[in-house]
Amino acid sequence: MQLVFSLIITLILEFIVYSIAIRKKYFSLLAYSILINSLTNPLANFFYGINYNFLIIELFVFIIEAFLIKFLVSTNYKKAIIISLIANLLSALPFAFFFR
Amino acid sequence: MKKAILLIFLASFILPFVNADIITPGYHPLLINNYITNIDDFPDYYFLQVCNPPMPHISLIKSNKTSPYCYKFSQLDVYAVKKDRLNLQDFKNGGYLNEKKISTDENLTNYLNGLGAVRVLENLEHYKTVPDSSIEKDINNYYTINITQPNIEPNKTIKNKNNLVYYYIFIPLIAIIIVVLLLLKRRKNAVSF
């Protein structure tokens, strides 16, 4: 249940970041947020569970999400990297401080 | 000032014990079942599950399985007692022995020696915490007992996995399939235009 909660919180936070950055097609952005986080969040949680380093996992998540944002949202690399960085900082920090 | 020092001094003793009973956040205890596979080979014996100090208690094993209720820092052993030596009235309270009889390490040893109890299983695994994201559901240890020699290692261990396997594998798998299909469709549309 905690994992599902973590997934929902993450995808809501990241959807907010995508919406602020892209400012169009909000329904599609929500769908992309669900897709992207359904891919990265369970895998990240799995690796946390086997005690991998938090920063290394977050770095991988950031890179994968940057690529996914670039191709799904059809934006340029620079913008995708910035969106991914902000989205992951925003979603990772509360969990780093409060849930771990 | 003296009171404050005394309080800090007391707290430094008490807090580690308080902390010892807290499960690390993000972790949960795993169910561990210990089975005795050949318990029916000893019809003349009762088997006692002995949870040693710091929180000792003794219970009668009614099936071929030990009870999971033993304090995490206690060593769990199983003793065999000849049926004619054990008074079952002592275990009327839900199969547990009155704790006053075994409140100290010495009382416990005296009680077991008085029964002529023989340790048949020693230091059974009974407490383990795993991360919440662990796919381990439970651990089932199977022991074969021998009245003349205590067994320490299980003969067989079966570990079951929980539904999180689906969470970790199927959700990302479905997501990646949808992403790939979406990108392929988009590419196809771009080529056709």
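Over chain A, DSSP H runs of length four or greater, each weighted -39,500 (n - 2.57), average out per residue to a 222 nm ellipticity of -28500 deg cm²/dmol.
Antiparallel beta bridges, as assigned by DSSP with both residues in region B:59-193, represent about 90 percent of the total such bridges. Helix A:2-22 and the longest principal axis of the C-alpha atoms of chain A enclose an angle of approximately 30°.
Our estimate of slack between A:Leu89 and A:Ile20, defined as 0.36 nm per intervening residue step minus the Cα-Cα distance, is 23.3 nm. Straightening the chain between B:Leu183 and B:Gln89 buys 26.5 nm, computed as 0.36 nm per residue apart minus the Cα-Cα spacing.
Among the listed pairs A:Lys24/B:Lys188; B:Lys82/B:Lys137; B:Lys83/B:Lys137; A:Lys70/B:Lys188; A:Lys70/B:Lys161; B:Lys83/B:Lys128, a Cα-Cα separation exceeding 27 Å is found for B:Lys82/B:Lys137; B:Lys83/B:Lys137; A:Lys70/B:Lys161; B:Lys83/B:Lys128.
Note on region A:2-99: with charges restricted to the Cβ of Lys and Arg (+1) and Asp and Glu (-1), its dipole about the Cα centre is near 440 debye. Working note: Karplus 6.51/-1.76/1.60 with θ = phi - 60° gives region B:159-169 the couplings 10, 9, 9, 9, 6, 4, 3, 5, 4, 6, 9 Hz, where Gly and Pro are set to x.
Compared with the dominant Cα axis of chain A, that is its longest principal axis, helix A:26-49 is turned about 20°.
Toward the positive end of the charge dipole of the protein assembly as shown, with +1 on the Cβ of Lys and Arg and -1 on the Cβ of Asp and Glu, the farthest Cα among B:Leu164, B:Leu112, A:Leu30 is that of A:Leu30.
The C-alpha atoms of chain A define a longest principal axis, and helix A:77-94 lies at about 40 degrees to it. In this rough spin-label picture, where each label sits 7 Å from Cα along the Cβ direction, the B:Asn33-B:Glu106 distance is 4.1 nm. In terms of packing, defined here as the mean over residues of other Cβ atoms within 10 angstrom, the peptides B:79-86, A:28-35 line up highest first as A:28-35, B:79-86.
Taken residue by residue and averaged, Cβ atoms of other chains lying within 10 Å of the Cβ of B:142-151 number 0. Computed on the Cα trace of the protein assembly as shown, the radius of gyration divided by the Kirkwood hydrodynamic radius gives Rg/Rh = 1.19.
Here the protein assembly as shown is treated with +1 on each Lys and Arg Cβ and -1 on each Asp and Glu Cβ, and its dipole about the Cα centre works out to around 1620 debye. Overall, the ratio between the Cα radius of gyration of region A:2-99 and 2.2 N^0.38 Å, rounded to two decimals, is 1.00. Judged by the gyration tensor of its Cα atoms, with axes a ≥ b ≥ c, region B:20-163 is oblate; a/c meets the 1.5 cut and b/c is at least as large as a/b.
Using a cutoff of 8 angstrom between alpha carbon atoms and counting only pairs six or more residues apart, the relative contact order for region B:67-171 works out to 26 percent.
For B:Tyr27, nonlocal amide neighbours, meaning residues 5 or more places apart or on other chains whose placed amide H falls under 5 Å from its own, are B:Asp132.
Throughout, read-outs are computed from the coordinates displayed, never taken from laboratory work. Quick caveat, the model's predicted, so the values are computed rather than measured. Cβ sites come from the backbone with ideal geometry, for glycine too, and all protein chains shown count toward neighbours.
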